[in-house]
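Notes follow once the structure below has been shown.
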Amino acid sequence: MNGKRTLKVDALARVEGEGAMHVRLRDGVVEEVELRIYEPPRFFEALLRGRTFAEPPDITARICGICPVAYQLSACAAIEDACGVDVGEPIRRLRRLLYCGEWLQSHALHVFMLHAPDFLGFHGAVEMANGGHREVVERALRMKKAGNAIIAAVGGREVHPVNVRVGGFYRAPTARELAPVAEQRKPARDLAIDAVAWAAGLPFPDYEEQHELVALVHPDDYPMERGRLASTGGLDIGPREFADHFVEEQVPHSNALHCRLRERGNYLAGPIARHALNGDRLAPAARAAADAIALEPVVSNPFRSIVVRCVEIVHALDEAIALIEAYEQPDRPAVEVAPRAGVGHGWTEAPRGMLYHRYELDEQGLILDAEIIPPTSQNQATIEDDLRGFVERHADLADEELGLRCEQAIRNYDPCISCATHFLTLEVDRG
C-alpha cells in the first residue's frame, strides 16, 4: 500500500512486562522499528554489589517469577567458577532435574495459554476455553502443574525456590520422595507427545527468516545447565570468553540493553537455536515426537517456535522421569565453597534462551561487580529485525489484521520483559 498508514495497539497482552513498539512505513517500506521499552530499570546488578557471594541465588531469583531457576543456577555457576569449585555429578543431575521442572511449567504457560490464542483466533486463554478449546487450556494446566511439582520437590516451593544454594542444595530429597513425582509425570508426557502433533497443525503465517542461532552445546546432553556456547556461524567459546565476542549497547528507545555479536551483529537465542544445534541429543520420546512430524533441523519460520517448545516440553518430561528413576541421594546436599578474590562466569539455558552471569569477588567473598544478560535482551534487536521483515512482506494486510500478526510475531519469542527491563505497547505509524 502506498501513502501513510498508522496502526496502534496500546497494550500487548500475554507477555510478561510492559513497554511500547513503534513501526513507521512509507509506501509499504518500513522506515523505522523500535521496541520502546519504558519499564523502569530494576537495578539488580547494582543491588548485588556489596552483598556476600552466597546471596545471588536468592536475590536474582526475584528477577522473574516464571524462570527463577535459570537465574539461581546461572548465578551458582558463575560464583562457583570464581571460587574454583566443581559440585560433582550427583548435585549437577539434581540441578538438571530442577531445571526440567522450570522448562516444563514455563513452556506450558507460553505455548497453550499465551501463544496458542494467536493461532486459534482468541484474545486469551479464557476465551479460548469458552470457544471450543477447553481441552487445550486443561492440558496447559496439567503440564504446568507437573512442572511446578518437580520444582517444589527439589527446590522447596513452586515459585522462587528456597532450597538452592551456592555449592548445591540445603537439602537433597530422598529417592522415596521423588519416586511418586516420576509416576505422576508419565501421563503428562503422553499429553505432551500429542501436543507436538497438535502444534504442528496450527496455521502458521508465511514468513521465513535466517538468523545466526546461538545456544549452549554439550556432547552428552541437550543443553540446560552446562555446555559451551556455539552458533550456526561457527562460534565455539567458554564462559570466560563471552565478553570477547558479545557486547551490550544502550539504544535511545529502550531501558534495556541490546546484546549483539561483536563480529556479526544480531542473533537469535532460545528453543529454535537449541534445537538447531542440539536436536540429535533430545531425550528419546522428544526425538521420536519431532521425527513423527518431520520437524526440520533448522526452523526458519519463527512462528513455528511453538512447535519446538512443545518438543522441549516432551524432552523435559522424559528427562525428568529418567533422572528420578536413576536418582541416588547425594552423600552431601552441597559442597563447601570458600570465598576468594576473582571473577567468575556462568551460563545456563533458560526457557527463552541462554542466560549469562558474571561476578567479581574480593577476598572475603563480597561482590564488587555483577553483570546479568538475560535472553530477552539478546533477542530484542532480532525481534525488531523480524518485525521489519514481516511487516514489509505483509503490508497489504488491513491495519487490524497486521496489528494482530505483529503482536503474534513478538510473542514468538516469549519475551520476559521484566527480566530485560522492557516492553510492550504496539504502535505502527505508516507514513
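No lab work stands behind these numbers, since they all come straight from the coordinates. Quick caveat, the model's predicted, so the values are computed rather than measured. So basically every Cβ, Gly included, is an ideal-geometry build from the backbone, and we count neighbours across all protein chains shown.
Please check: in the Gaussian network model of the chain (C-alpha springs, under 10 Å), which one of LEU73, LEU120, LEU213 has the largest mean-square fluctuation. Most flexible of the set in this elastic network: LEU120.
Fewest-first ordering of THR232, THR348 by other beta carbons within 10 Å of each residue's beta carbon gives THR232, THR348. Scoring 375-384, 354-363, 400-409 by mean Cβ neighbours within 10 Å over their residues and listing the highest first yields 375-384, 354-363, 400-409. Net length available on complete extension from SER300 to THR52 is 84.9 nm, with 0.36 nm assigned per residue and the Cα-Cα distance removed.
For VAL159, neighbours were defined as the other residues whose beta-carbon sits under 11 Å from its Cβ, and their charges (Lys and Arg +1, Asp and Glu -1) total 0. So how far, in whole Å, is the C-alpha centre of the range 373-391 from the one of the range 196-212? That distance is 17 Å. In this simple spin-label model, placing a label point 7 Å from the Cα along the Cα-to-Cβ direction at both ARG142 and GLN364 gives a separation of 5.5 nm.
Hydrophobic, long helices, defined as DSSP H runs whose alpha-carbon span along the helix axis is 15 Å or greater and whose mean Kyte-Doolittle value is at least 0.0, occur in the chain at 68-82, 134-155, 305-325.
Comparing Cα centroids, the range 141-155 and the range 324-349 end up 22 angstrom apart.
Computed over the Cα atoms of the chain, pair by distinct pair, the Kirkwood hydrodynamic radius stands at 21.9 angstrom.
Given the options PRO56, PRO205, PRO68, state which has the largest fluctuation in a GNM of the chain using a 10 Å cut-off (strictly under) for Cα springs. Maximum fluctuation in the GNM of the chain, among the listed residues, is at PRO205.
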